[in-house]
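The structure appears below as structure tokens.
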Amino acid sequence: MSVSKPTHLAIRRAAAALLHDRLVAFPTETVYGLGARARSSRAVLRLYAAKGRPRFNPLIAHVADLAHARRLVRFDERAERLAHRFWPGPLTLVLPRLAGAAVSRLAGAGLSTLGVRIPDHPVALALLRRIGEPVVAPSANPSGRLSPTRAGDVARTLGGRVAWILDGGACRVGLESTIVDLSGPRARLLRPGGIAREAIEALIGPLAGAGNEIRAPGMLESHYAPRARLRLDAASAAAGEAYLGYGPLPALPDDVPALTLSAARDPQEAARNLFAFLQTLDRPHIRTIAVAPVPPDGIGLAIRDRLARAAAPR
Ligand code: AMP
Ligand code: MG
């Protein structure tokens, strides 16, 4: 494994590794992705094995531009609107898969649909352009654990299993993409994420289902979990706990480690800090991380979704 700055040379080498069915971790605006050549069943199987990800949990195909996306899935009017407005960006569209799509059937968990997105990150785009075919790229963490927003998170948890890690610094959004299912007549929100639900509804009308009501394949209850337990909507913390605040921190016992997601209650800043701060507070002697309430507006809905899954029984 080598961790490198995303120079032209490093991107070329990482692209070559992908084309040889090896795994490459790279930065996107959401979280670090663990990339595999989508059309290669061998690469896709390696990816599932490296993450310990259940095979019924389908992967998202990442492409560099709309022309490539059109070769994978069938667009309709709603998809056109959303793609023009939000791509490149943290929005995944689930659409009917085209017969000739260059994506292994294993990556789609046998479904007739496929999730597609164009990431908004110069390194991800350079890599995708270089290889010129789709790359499946779930978050670069062992399945069920915290998503990585820094190259060091990937090196620590998956280092031995990847050929390259491109270090593009901290991720700008910090949470995964919003997933909208457009394969049926009613658009459905499968996962809240980097693009606010309200912004999508402004373009295509009301979305059915919020994150937790809909059970997409692989939308497992327990996910994004640190080792410590989580206690949600907590106003304070006791000895033996850590505290993750939103807004100014309350007065806390001396031995309670504490961080605030955003002193100014800025939901974007909170999203950017969420996974990294959970990593930091997840220390061996901490039994529970108590987390302040986060309002469900804009990207706050996605923050609440991740926290609820992190707190779910395992
Ligand atoms: P990750 O790549 O770890 O962010 O997870 C991708 C998420 O996208 C999973 O929760 C999948 O359930 C969801 N997903 C991917 N493809 C599809 C699809 N064709 N239909 C429904 N959900 C999908
Ligand atoms: Mg993930």
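Bear in mind these aren't lab numbers, they're just calculated from the coordinates by the rules spelled out. Just so it is clear, the structure is predicted and the values come from calculations on it, not from any experiment. Virtual Cβ from ideal backbone geometry, glycine too; neighbours counted across all protein chains shown.
Structure summary
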quantity	calculated
At q = 0.18, 0.21 Å⁻¹, base-10 log of I(q)/I(0) for the stretch 26-178 (Debye sum, equal scatterers on each alpha carbon)	-1.04, -1.43
Protection proxy ranking, peptides 179-190, 194-205, average beta carbon neighbours within 10 Å, highest first	179-190, 194-205
Hydrodynamic radius (Kirkwood) for the stretch 84-161, which is based on Cα pairs only, to one decimal in Å	14.5 Å
Peptides 260-269, 142-151 ordered by average Cβ neighbours within 10 Å, highest first	142-151, 260-269
Under-5 Å amide H pairs with G35, H placed in peptide plane, nonlocal only	V24, A25, F26
Interchain or long-range residues, amide H under 5 Å from L114's placed H	L95, R97
Rg ratio (alpha-carbon, reference 2.2 N^0.38 Å) - the stretch 236-314	1.04
Distant alpha-carbon pairs in the stretch 127-196 (separation over 20 angstrom), percent	46 percent
Compactness of the chain - radius of gyration and Dmax, Cα, Å	18.9, 61
Extension reserve of the D254-A16 stretch, reckoned as 0.36 nm per residue once the Cα distance is removed	80.5 nm
Per-residue HN-Hα couplings for the stretch 183-192 [Karplus 6.51, -1.76, 1.60; θ = phi - 60°; Hz; x = Gly/Pro]	7, x, x, 9, 5, 10, 8, 8, 8, x
Taking Y243, Y32 and counting other C-beta atoms within 10 Å, the order from fewest to most	Y243, Y32
Value of Rg to Rh for the stretch 126-248 (Rh from inverse mean 1/r over Cα pairs, i.e. Kirkwood)	1.01
Volume of the Cα convex hull of the stretch 42-105, divided per residue and given in Å³	103 Å³
Anisotropy class of the stretch 267-309 from Cα gyration tensor, a/c 1.5 cut	prolate
